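These notes concern the structure reproduced below.
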Amino acid sequence: MYNISDTTSLEQIAESVDLLHNCSKQIIKVMEEQIDAIIASNAVRIEELSDVHGNLSKRFKIHEQEFISELSTLLATSGSTAPVRLVSLKEVFPESVTDIENWHKTLTADTKDLQRKHNQILQLLEFAMSQNARMMQSMYSAHNAKNTHYAPTGEQSGITTGVAFNQEI
């Protein structure tokens, strides 16, 4: 048994959940595009998508803070002493348990998807960095092999960068 203002509050929570869900879907889409750009080694596209991702993340944080504020206010005005969690609304609004559970499932699934995509991007970037490091090592080793310098003792030694002795062209 809740009054009209409680119904309005629940509608505001529902709108906040929808905003968070839509924002999550947009972020996931951008993250998928980032993954494609990383695989394609398209630095310009990676930078563009990073800016878009940053802006969407800021917007998500704003919606998240609004959601937490609405939830806190709703629980406080209902007299509930339960912790500020979405599932705490089940005690306050037993008639809306199904809706609350659906909201919780939606937000939980979105959070897991965002974490999974984030980890995938991190793994790709770590792989790209290690591949670049190996490639640079190979290039440096090949360069050193072609530009061998021998010390007066007859032993092979590396050449200081910028110095060319017995350079093979």
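Bear in mind these aren't lab numbers, they're just calculated from the coordinates by the rules spelled out. In this text the structure is predicted, and so the values were computed from the model without any measurement. Using ideal geometry, Cβ is built from the backbone for each residue, glycine included, and neighbour counts are taken over all protein chains shown.
For the range 4-147, calculate the relative contact order in percent as a whole number, restricting contacts to Cα pairs under 8 Å that are 6 or more residues apart.
The value is 30 percent.
Could you sort the peptides 71-84, 13-26, 122-135 by per-residue average Cβ neighbour count (10 Å cutoff), highest mean leading?
13-26, 71-84, 122-135
Mind checking which lysines have their C-alpha under 26 Å from LYS61, skipping anything on the same chain fewer than 8 residues away?
Here the lysines satisfying the reach criterion relative to LYS61 are LYS25, LYS29, LYS90, LYS105, LYS112, LYS117.
Any chance you could check the Cα centroid distance between the range 75-101 and the range 9-64 for me, in angstrom?
Answer, in whole Å: 28.
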